[in-house]
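Since every read-out is calculated from the coordinates, none of them should be taken as a lab result. Here the structure is a predicted model, which is why all the values come from computation and not from measurement. Positions of Cβ are generated from backbone atoms using ideal geometry, with glycine treated the same way; all protein chains shown enter the neighbour counts.
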Amino acid sequence: MKEIKKGMLLVSEPFLGDPEFERAVVFIVEKNESGTLGFVLNNELDVKVNDVLPEMPFINILFKGGPVCIDSLFFIFKSSENNDNFLPVIDDYYWGGNIEELSEKILYGNVDLDSVRFFIGYSGWSPGQLEMEMKHKVWEIVSFDLDKIFSKKPENIWKMIMKSMGGEYAIYADSPIDPQLN
């Protein structure tokens, strides 16, 4: 089993049966002795970011990052500028920090606007919990170009990753959530 690290993607198994993580792709942003934290990248909400943050008119899509802390707003973004006030994930990707500072960075063109994602809630696992779920084949760790992930429509991400994994995964990409309905 691969070691789980921040910056990795998790893809849920095709027939999970859990509405929180049905066909989910989770970006891991933190992994330490307290556990693992990530955000579901393909669970778009009907609420828009500028409904919650009027000062962010240039970001419209809001995601449900997971079932934990659903009364809080989180964000990730890509920037090659100095980002000391944000938490590094991998390469030029960061999460958390001051929303006003992020807004300023966006206004000055210091953030890749296509990479900015806002989330209500997050996905969290206590120490060892995610590893146990992986042993039970709930999740697969995948390596994938994050820029490609952020450039796709959220509803197509899981399917795109499954096809890229090949074999039986590619077949699952086009299967219905409930195979009995086919």
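Figures for the structure shown
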read-out	value
Value of relative contact order over the chain, rounded to a whole percent, pairs C-alpha under 8 Å and six or more apart	26
Cα-centred dipole magnitude for the chain, charges only on beta-carbon of K, R (+1) and D, E (-1), debye, nearest 20	440
R0 of 30 Å, Cβ-Cβ distance Ile99-Lys153: FRET efficiency to nearest 0.05	0.75
For the chain, share of DSSP beta bridges that run antiparallel, in % to the nearest 5	90
Distance (nanometres) between label positions extended 7 Å along Cα→Cβ at Asn110 and Phe15	5.1
Reachable lysines, given that their alpha-carbon falls under 24 Å from the alpha-carbon of Lys6 and they are not under 8 places away in the same chain	Lys31, Lys64, Lys78, Lys105, Lys135, Lys137, Lys148, Lys152, Lys153, Lys159, Lys163
Charge dipole (debye, nearest 20) of the stretch 53-138; +1 at Cβ of Lys and Arg, -1 at Cβ of Asp and Glu	480
Ellipsoid equivalent to the chain - semi-axes via the Cα gyration tensor, in Å	27, 18, 16
Crossing angle, helix 154-165 versus the chain [Cα axis fit, 0-90 degrees, rounded to tens]	50
Added length on full extension, which subtracts the Cα-Cα distance from 0.36 nm per residue, Asn60 to Met132	22.3 nm
With at most 13 neighbouring Cβ atoms within 10 Å, loop trypsin sites (Lys or Arg not before Pro) (DSSP) excluded, longest segment of the chain	6-136
The stretch 119-182: chymotrypsin sites (Phe, Trp or Tyr not before Pro) in DSSP loop, at most 12 other beta carbons within 10 Å	none
Counted charge near Val29, where neighbours are those whose Cβ lies closer than 15 Å (Asp, Glu -1; Lys, Arg +1)	+2
Dipole of the chain, positive direction: furthest Cα of Ile61, Met8, Ala173, with charges on the beta-carbon	Ala173
